[in-house]
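Asks: Pasting a structure below so you can have a look.
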Amino acid sequence: MISDFVKVFYLIKLINYISVVKQNYLFTPIDYLKGVGPNRADLLKSELKIFTYEDLLNFFPFRYIDRTKYHKISDLENTNSYVQIIGKFIDFRHSDNSKNKRLISLFSDDNGEIEIIWFRGIKWIEKSIKINLKYVIYGKLNWFNKKFSIIHPEIELLEKHNKSLKNNLLPIYSSTESLLSKGINNKLFTDLIFNIFDKSDNSFKENLNRRINEKHNFISKYEALYNIHFPKNQKLLSQAQFRLKYEEFFFIQLQFLFKNIINKNKFKGFNFSKVGSFFNSFYHNNLDFELTNAQKIVIKEIRKDFSSNAQMNRLLQGDVGSGKTIVALLSCLIAIDNSYQSSIIAPTEILAQQHYNSITNSLIGINLKVKILTGSTTKKQRDILFKELRNGEINILIGTHAILEDKVVFKNLGLAIIDEQHRFGVAQRSKLWKKNTTPPHILVMTATPIPRTLAMSVYGDLDISIINELPPGRKPIKTVHRTDRKRLQVFKFLKDEIKKGRQIYIVYPLIEESKKMDYKDLMDGYESVEREFPKDKYQISILHGRMKTEDKTYEMNRFKNGETQIMVSTTVIEVGVNIPNASVMIVESAERFGLSQLHQLRGRVGRGSKNSFCILMTKERISNDAKTRIKTMTNTNDGFKIAEVDMNLRGPGNILGTQQSGLLNFKIADLIKDKEILDIAREDAKILIEKDPQLKHIDNKEIKEEYSRINKNSILWKHIS
C-alpha cells in the first residue's frame, strides 16, 4: 500500500509539473503549432522573427475591419479600399495574353459581377473552390480598364464563415510576398492564434502589480491579448490596446530608470566638489554677457552631478545659438579647478576649429593650455601634443574623432564632452571610457532638438538638460518662401543687404549635376551667382566637402574676415560656423532638405544683433510633405516645435537614423500617437522604483519576473548612451 504521505508527495509534484507546463506553454516553439509545419515555421522565423507561441501572440494586427459590413458589387466605388462581399464564383478561365500565368474568375452577388485574379497557387484554387456555392471574399479593390477586380482575396465558405465569426472586428495582419506564397495569409494568422488560445488553458501570467491594475482599471493580461486579436466590440479593443501599449512603455522606462541607477552606483565618478580660481576668474573677468536663466539652471544640474560621487551621463539639448558652448567651457573649468583634464569632441574639423577659436579667445588672460587635434595635425605637432597630454600640461583638448585613437593618452581625463552626439556611434563613444581607469564624466550635446517622447524612449537612461532660451539681444530670424519666378527680387534684396555691410550664405544640396534630379547643383549655382554678382564689385567664396582642409580653412577665413560678401556652399556649413555679420541664408532647392537640416542651416545667421533672414527657394510645384516643411519653417523658430512636426512627418526611426531606429521597434505602442500613455507609464515606473528600488516587495513579484526576462541579455553597451 502506498502511504498517504507518498500520495500527497506525488500529487504535489504533479501539480508543480502542470504549473511548469502551463508557464512554459507560451514558450513552445512555433514549429509545434497545428497548421504551421517545418516550412511555414522557417518562414515565420526568417520573415517575422516569430519563434514561439508568445511571439505570435505579440504579433499584433495593424488595423481592423467591421465583419458585419458586406458590400454590394453594384454599389462599389473607385476608392482603392478593402471590401467584403457575399456571392458565388460562376466561372474560371486562364489568361492567354500574359507571360505570367493568371487564373481569372467572375464572382457574382446577384447585383453585379467582379473579376477575381490569382497569380499564385492556381492549381490549389481550382481544386478547392466550387462553382455556385456561396462564399465570403475579402480583399483590396482595384480599378483597371474601367473594371473592378480583387487580386488574391481571402475566401471562406459562407456557412463556415458564419460559424467561425468569433468577433465583429476582423484583425488585419502584416504579411510579405514570401509568406503569401506559402498560404500564410490573414485568415491563417487568425486560425493559428485562435489555436493558441484554444489550447492555452489560460496560461497567461500577469506582469503588472495590483496597484497599477486597479489605478488604470486594466483588463487582465489574458483579456487584453484575446481582445487585441479577437475583439468582441470596440470598447474591449480600446481597453486591450491601452493596456498593451502601457506595458510596452512601462517596461522600457523601467529599464532606463534602472540603468540610470546602475550607472550611478556601479560607475563611480570623480568628485568635482571645488569651484575654484579658474572658473571664478573667467566668470567675473572674461564673461562679457549675462548667462540666461536656462544656462544657469543647466550649470547647477551639472555641478550637482559633479559632486555626487557618480559618473555623470547627461544629454544637453539646446537650440541653434542657445549658448551650449559656454556651458561646456564652464564645465571644463570646474574640472580643471579640481586638477583634471577635459576634452571636447566634434564631428567635423570645421566645428572643432570653431570651438578651438571660440574657447581660446574666451580664455585670454587665463593661464590655461588649450590644444586642438584633428586629422590635419602633423606628425611633429602630434608628438609634442601627445607628450604634453600625458604630462598633464594640456588642460583642454579639442578635436575630432582623432581624440578617440589609442595613441591619445591623458594624464587624468575627468570630463569628456561630445558635440553633435548623433554623429558618433556607440562603439566610438565607448572609447572615451577607456581613457581612464575611472570613466570620465560624460556630457553629450546636440543642437538638433529631440521631441520629448523620443528623448524619453531613446535617451531615457540619461539625465536630460534643456537650454530653451536664446541669449539677450538675439532677434528672431525672419523666414520666407520664394519660388524661382521671384529670383530677381531675391537678388535685389541680397545686393541691398551687402550695401549695408552684411554677408550672405547660399546653400545648394548637390555638388555635381545629377542626371536623375533637376535640382540646382553647387557649381552651376556658383556660376549663376557670379553672373549676377560680378567680380569687379563682389567677392565670392565657395565651400564643399571635397575640398582639401587647407582650402576650406582659407575660404572660411576669407568669409569670416569680411573679404568676401557671399559664401556659396553645400551643407558643410550646417553645423558650427559662427559668423555674426552673416545676415541672410538662402537655401536653394529647399524642398529637398529635411526640417532638421533647414533649421540647422537657418541657425548659421541671426548670431549678431542685426535683423537676419532665411529665404527658402523652391521650384513652383512641390510635394505636400515639402509644403508642410516649408510652412513649418516660415511659421516658427522654435526647434522643439519643428522637431515634433519632423517626427510626425518622418517617424521616429528616420529621425534617429538606421543605427538607432531599431531601438524604436515597438510592437503596438506609437511615440507619435501615444504620448500621453508614455507619460503615464514613465511616472508609474518612477513611483515604483522610489517605493521599491530593488523590487523586493511581494506585490511586485510579477513585475520583477517580467523585467528580469526582458533584461536578461543586457550588456555594457546599454550603459553607454
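The values are calculated or read from the model by the stated rules, or taken from the named source; none is laboratory data. Just so we're clear, the structure is a prediction, and the values are computed from it rather than from any experiment. In this analysis, Cβ positions are derived from the backbone assuming ideal geometry, glycine residues included, and neighbour counts consider all displayed protein chains. Heads up: the accessible areas ignore ligands, DNA and RNA and are worked out on the full protein's heavy atoms, side chains in. Shrake-Rupley method; radii C 1.70, N 1.55, O 1.52, S 1.80 Å.
Asks: With every protein chain present, what is the per residue accessible area of the chain (1.4 Å probe, Å²)?
Replies: I get 51 Å² per residue for the chain.
Asks: Angle check, please: helix 624-635 long axis (alpha carbons) against the longest principal axis of the chain (alpha carbons), in degrees 0 to 90, nearest 10.
Replies: The helix 624-635 is inclined about 40 degrees to the chain.
Asks: Spelling out what I want: for every residue of the range 320-328, take phi, set θ = phi - 60°, compute 6.51 cos²θ - 1.76 cosθ + 1.60 (Karplus), and round to whole Hz; glycine and proline get x.
Replies: 4, x, 7, x, 5, 4, 5, 5, 4
Asks: With n ≥ 4 as the cut-off for DSSP H runs, can you work out [θ] at 222 nm for the chain, using -39500 (n - 2.57) per run divided by the number of residues, rounded to the nearest 500? Write down the numbers at each step before the final one.
Replies: Working: 27 runs with 297 residues, N = 721.
It lands at -12500 deg cm²/dmol.
Asks: Calculate how steeply helix 4-24 sits against the longest principal axis of the alpha-carbon atoms of the chain, using the helix alpha-carbon long axis, and give the answer as 0 to 90 degrees to the nearest 10.
Replies: Rounded to the nearest ten degrees, it is 60.
Asks: Another question about this same structure. Alpha carbons only, please: Rg and Dmax for the range 448-506, in angstrom.
Replies: 19.2, 52
Asks: Find out how many positive minus negative residues lie around I114, taking Lys and Arg as positive, Asp and Glu as negative, among other residues whose Cβ is under 14 Å from that of I114.
Replies: Working: positive: K72, K88, K140, K146, K147; negative: D75, E77, D91, D109, D110, E113, E115.
Here the charged neighbours net out to -2.
Asks: For the pair H697 and F289, how long in nm is the line joining their label points, each one 7 Å along Cα→Cβ?
Replies: 4.9 nm
Asks: Could you check the simple spin-label distance between R93 and N648, using points 7 Å along Cα→Cβ, in nm with one decimal?
Replies: Calculated label separation equals 5.1 nm.
Asks: Find the Rg to Rh ratio for the chain, where Rh is the Kirkwood radius over alpha-carbon pairs and Rg uses the same atoms.
Replies: Result: Rg/Rh = 1.05.
Asks: Quick one: length gained pulling F144 to N611 fully straight, 0.36 nm per residue minus the C-alpha distance? Display every interim value, and only then the final one.
Replies: Working: separation 467, 0.36 × 467 = 168.12 nm, distance 5.64 nm.
Full extension of this stretch gives 162.5 nm more.
Asks: Sticking with this structure for a sec: Cα centroids of the range 310-367 and the range 598-654: how far apart, whole angstrom?
Replies: Distance between centres, Cα-based: 28 Å.
Asks: Given the pairs K369/K431; K379/K548; K134/K235; K215/K704, which are separated by over 26 angstrom at their Cα positions? The partial results should precede the final answer.
Replies: Details: K369/K431 24 Å; K379/K548 18 Å; K134/K235 32 Å; K215/K704 19 Å.
Violating the 26 Å limit, Cα to Cα: K134/K235.
Asks: Hey, what do the phi angles of the range 256-268 turn into as Karplus ³J(HN,Hα) couplings, whole Hz, using 6.51/-1.76/1.60 and θ = phi - 60°, x for Gly and Pro?
Replies: In residue order, the calculated couplings are 4, 5, 5, 5, 4, 5, 4, 4, 6, 8, 7, 9, 5 Hz.
Asks: Moving on to the next point. Once you charge only the Cβ atoms, +1 for Lys and Arg and -1 for Asp and Glu, what is the size of the charge dipole of the chain about its Cα centre, to the nearest 20 debye? Spell out each step's value before the answer.
Replies: Details: 112 positive and 81 negative charges, 92 e Å.
Computed charge dipole of the chain: roughly 440 debye.
Asks: Pick out, from G594, P440, V645, the residue whose Cα sits farthest towards the positive end of the charge dipole of the chain, with +1 on the Cβ of Lys and Arg and -1 on the Cβ of Asp and Glu.
Replies: Checked the options; the winner is P440.
Asks: Top to bottom by accessible area (1.4 Å), largest first, where do S331, S178 land? Numbers along the way, then the final one.
Replies: Working: S331 5, S178 50 Å².
Solvent-accessible surface, decreasing: S178, S331.
Asks: What range in the chain is the longest one free of GluC sites (Glu not before Pro) that are in a loop by DSSP and have at most 14 other Cβ atoms within 10 angstrom? Please list the in-between numbers first.
Replies: On the way: sites that count: E77, E290, E393, E405, E512, E513, E563, E620.
Counting at most 14 other Cβ atoms within 10 Å as exposed, the longest clean stretch of the chain is 78-289.
Asks: Taking amide H positions as placed 1.01 Å from N in the peptide plane, with prolines and chain starts having none, which residues 5 or more places from I372, or on another chain, fall under 5 Å of its amide H?
Replies: Excluding prolines and chain starts, which carry no amide H, the hits are I398.
Asks: Turning to a different aspect of this structure: Full extension from E530 to N280: what is 0.36 nm times the residue separation minus their Cα-Cα distance, to one decimal in nm?
Replies: Extra length from E530 to N280 when fully extended: 85.0 nm.
Asks: Right, here's the next one. Using a Förster distance of 56 Å, how high is the FRET efficiency between Q539 and N271, based on the Cβ-Cβ distance and rounded to 0.05?
Replies: On the way: r = 53 Å, r/R0 = 0.95.
Given R0 = 56 Å and the Cβ-Cβ separation, E is 0.55.
Asks: Obtain the nm distance between the two label points defined at K486 and K187 by a simple spin-label model: each point lies 7 Å from its Cα along the Cα-to-C-beta direction.
Replies: The modelled label-to-label distance comes out at 5.8 nm.
Asks: Give me the net charge for the shell around R210: Cβ to Cβ below 10 angstrom, other residues only, Lys and Arg +1, Asp and Glu -1.
Replies: Values: positive: R211, K215; negative: E206, E214, D699, E702.
Here the charged neighbours net out to -2.
Asks: Stokes-Einstein at 10 °C, 1.306 mPa s, Kirkwood radius from Cα pairs: D for the range 137-228 in µm² s⁻¹? Write out the running numbers ahead of the final one.
Replies: On the way: Rh = 16.4 Å.
Using the Kirkwood radius from Cα pairs, D works out to 97 µm²/s.
Asks: Dipole of the range 277-369, Cα-centred, from +1 at each Lys and Arg C-beta and -1 at each Asp and Glu C-beta, to the nearest 20 debye? Each step should come with its number before you reach the end.
Replies: Details: 7 positive and 7 negative charges, 44 e Å.
Charge dipole, the range 277-369, about its Cα centre: 220 debye, nearest 20.
Asks: List the trypsin sites (Lys or Arg not before Pro) in the range 311-383 that DSSP assigns to loop (not H, G, I, E or B) and whose Cβ has at most 16 other Cβ atoms within 10 Å. Which are they?
Replies: Of the trypsin sites (Lys or Arg not before Pro), the ones in loops of the range 311-383 whose Cβ has at most 16 other Cβ atoms within 10 Å are K369.
Asks: Right, here's the next one. Using modelled amide H (1.01 Å from N, peptide plane; none on Pro or chain starts), what sits under 5 Å from the amide H of L413, excluding residues fewer than 5 places away?
Replies: Distant-sequence amide H within range of L413: Q341.
Asks: Within the range 32-135, report the trypsin sites (Lys or Arg not before Pro) that DSSP leaves as loop and that have at most 12 other Cβ atoms within 10 Å. Don't skip to the end; give the middle numbers.
Replies: Details: sites: K34, R40, K45, K49, R63, R67, K69, K72, K88, R93, K99, K101, R102, R120, K123, K127, K130, K134; in loops: K34, K49, R67, K69, K72, K99, K101, R102, R120, K130.
Answer by residue number: K34, K49, K69, K99, K101, K130.
Asks: If you don't mind, another one. With r defined as the distance between the Cβ atoms of Y70 and I297 and R0 fixed at 60 Å, what FRET efficiency is calculated, to the nearest 0.05? Intermediate values should be presented prior to the final figure.
Replies: On the way: r = 61 Å, r/R0 = 1.02.
That pair, Y70 with I297, gives E of 0.45.
Asks: If the chain between K369 and N217 were fully stretched, how many nm would it gain, using 0.36 nm times the residue separation less the Cα-Cα distance? Could you put the intermediate results ahead of the total?
Replies: On the way: separation 152, 0.36 × 152 = 54.72 nm, distance 6.17 nm.
That pair, K369 and N217, stretches by 48.6 nm at full extension.
Asks: Farthest toward the dipole's positive end in the chain, which of N100, V408, T325, given Cβ charges of +1 (Lys, Arg) and -1 (Asp, Glu) about the Cα centre?
Replies: It is V408, whose Cα lies furthest towards the positive end.
Asks: Taking only Cα atoms, what is the 0 to 90° angle, nearest 10, from helix 639-650's long axis to the longest principal axis of the chain?
Replies: So the inclination is approximately 30 degrees.
Asks: List the residues, sorted by chain then number, that are 5 or more residues from I467 or on another chain and whose placed amide H is less than 5 Å from its amide H.
Replies: Residues meeting the criterion, in which the H sits 1.01 Å from N, are Q317, G318, D319.
Asks: Based on the alpha carbons, how large is the Rg to Rh ratio for the range 539-630 when Rh follows Kirkwood?
Replies: Details: Rg = 14.0 Å, Rh = 14.1 Å.
The Rg/Rh ratio comes out at 0.99.
Asks: Can you work out ³J(HN,Hα) from phi for every residue in the range 405-420, in order, using Karplus 6.51 cos²θ - 1.76 cosθ + 1.60 and θ = phi - 60°, giving whole Hz and x for Gly and Pro?
Replies: Result, rounded to whole Hz: 4, 4, 5, 7, 10, 8, 6, 7, 6, x, 9, 10, 10, 10, 8, 6.
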